[in-house]
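Inspection log for the structure reproduced underneath, given as structure tokens.
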Amino acid sequence: MAEPGGACGALSGMSDPASAARAQPTLRHLDQLMAQLLDGVILLDPTGVILSANAAALAMHGVKQVAALGATAEDYAARFAMWSADHRPLKLRDYPVFRLLAGAPLADMVVEVAPAGEDDARWVHQVRDVVMDVDGGEPDYLALVLSDVSQRFDAEARFAAMFRSNPAPAIIVRLHDLRILRANPGFLSLTGFAADQLEGRSLFGLDLLGDLPDAGAVRRRMEAGAVVPQTEAGLRVADGSRRLVLFAGQPIDVTQEDALLLTFADLEPRRQAERERAASERHLQAVFDMAPVAMAITQGDDHRIVHVNAAFRQLTGHDDDRALQRTADELALWDDAAQRIAIEADLGTAQGVRGREVRLIARSGAVVETLVSAETVSIQQAACVLWVFHDVTERRRSEAELGAAIDEVLKDASWLSRSILDKLATLRRPAPHPVAVDLSPREREILDLICDDLDDGAIADRLAIARNTVRNHVARLYAKIGVNRRSGAVVWGRERGMGSRRD
């Protein structure tokens, strides 16, 4: 870019030709000036001959002598390979030296440079041009001014690689107009946008960030280049809907323009999970409230009651005002506090507690026979215990009445058939599930005879042993098989194929 107003150009305005001649710069003067510069300078004449170069320019090409740059622009191009900033090979006419000779402006052109024959760039130069004339006519000298921006471009390259490969969605926004410069694959995947739908567009013009608690404050922080703290927002996606995200902004200086890096965390799966959990908990709450069996939910180490259902209130007489935030001991709910403590200790087992016989004391003082089951559950992310109390008071009363009736019948059973006796005995004491019982040979022999309806005297005669010995064997036999009367032993033995008689 021509700079006729520079110090050298001003020399042409002198009226005294002799003074002007004395003031004309020489190559020695220019060399002295160039040596003091931190930027590299390569000085050429308008024909393309390389006249001089300072130490900074030589270092930027990895040489120590001006001759190593080449005698002319053509020599220079033959000795050094150049690429654009995105590593596309440059044609000769696009080399900065030839653009300078052609009068084309460089405008801080960025090129990658390496010795000819190498495929990887060694340096990155930012190049501008200076045109000097002495008398205001045609240019007398041309100069390439070089800045070594290799470190900056290395940092930018590393950042770009990290930005592209980072799975976290992110965009880079230019500070002065808040337009999107880049969007990484994670952001494109999250939103469904294509890159060309975003890049160059205004962040707020696209309305990407909605549902902000204070949109004005967020925008002002961005425009000021300040850190944007983590903020929840509704991120617009390609179909027009919004996803819940958590985003934050950080100023960065690894791009050619002042910019802000915005990173996003997708909270939509969490929100969806919370919605599903809330719906599930509402469903469970409805089931809990409508269940026909008494249920309560406790929380904390002291198992304080936090929820009860209608069946619980009806069973115990304790309404919400009285029961909630109270413990079972404060309500005097359990007939046996030691039993409650033991059951609470068993809650940590994998199976929980199932069908334990427990007596509750209603508010009225009435005793309620129940079967209790309990399980640890999570409600609104809090550890709780669900208690289920199945009222068996009436069933226990009916069983007791039936047992008493059967006992009365069995007192005089001479008029009943053996099959009816067996059935009555079974009703009085249902046979346990068959288990392995270690009976001695003599006990098996006696049980066979019992199943054949022999009394103790007949068994003693059959086995040629004393009646007292038979009684002792029968007592041990009853203890082993879990019965307490002869009819029960008959049922137990016949279920297992013992005895020779079959009804």
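The values are calculated or read from the model by the stated rules, or taken from the named source; none is laboratory data. Source: prediction; values computed, not measured. In this analysis, Cβ positions are derived from the backbone assuming ideal geometry, glycine residues included, and neighbour counts consider all displayed protein chains. Please note that ligands, DNA and RNA were not included when accessible areas were found on the heavy atoms of the full protein model with its side chains. Shrake-Rupley method; radii C 1.70, N 1.55, O 1.52, S 1.80 Å.
A few comments on the model shown:
- Inverting the pair-averaged 1/r between distinct Cα atoms of region 243-347 gives 18.1 Å as its Kirkwood hydrodynamic radius.
- Dmax and Rg, reported as Rg then Dmax, of region 341-380 (C-alpha, Å): 12.4, 36
- Measuring nothing but how far apart in sequence close Cα pairs (under 8 Å, 6+ apart) lie, relative to its length, region 184-256 scores a relative contact order of 29 percent.
- Translational diffusion of region 91-236, µm² s⁻¹ [Kirkwood Rh, Cα pairs; Stokes-Einstein; 4 °C; 1.567 mPa s]: 68
- Per residue, region 285-380 exposes 54 Å² of solvent-accessible protein surface, assessed with a 1.4 angstrom probe and all protein chains in place.
- Shown is the FRET efficiency for Arg322 and Arg219, computed with R0 = 41 Å from the Cβ-Cβ distance and rounded to the nearest 0.05: 0.15.
- For region 210-288, convex hull volume per residue from C-alpha positions, Å³: 120
- Length gained on full extension, Glu268 to Ala104: 53.7 nm, using 0.36 nm per residue less the C-alpha separation.
- Gain on full stretching of the segment that runs from Ala194 to Ala464 - 0.36 nm per residue minus C-alpha separation: 87.0 nm
- Note on Ala161 and Ala366: the model spin-label points, each 7 Å out from Cα along the C-beta direction, lie 8.1 nm apart.
- When Rg and the Kirkwood Rh are both derived from Cα coordinates, the Rg/Rh ratio for region 150-290 amounts to 1.10.
- Cα centroid separation, region 195-225 to region 62-99: 43 Å.
- Accessible surface comparison of Phe153, Phe187, probe 1.4 Å, protein chains only, largest first: the order is Phe153, Phe187.
- In terms of its alpha-carbon gyration tensor, region 50-131 comes out rounded; the largest-to-smallest axis ratio a/c stays below the 1.5 threshold.
- Prolate/oblate/rounded call for region 318-400, Cα gyration tensor, a/c under 1.5 rounded: oblate
- Qualifying GluC sites (Glu not before Pro) in region 238-281, DSSP loop, other Cβ atoms within 10 Å at most 15: Glu257
- The heavy atoms of Ser364 offer some 110 square angstrom of accessible surface to a 1.4 angstrom probe.
- For region 267-319: rounded, prolate or oblate by the Cα gyration tensor [a/c cutoff 1.5]: oblate
- Taking N as the residue count of region 147-219, its C-alpha radius of gyration divided by 2.2 N^0.38 Å amounts to 1.27.
- Available extension along the chain between Asn484 and Val437 is 15.3 nm, counting 0.36 nm per residue and deducting the alpha carbon span.
- In Å², nearest 10: area of Glu199 left accessible to a 1.4 Å probe: 80
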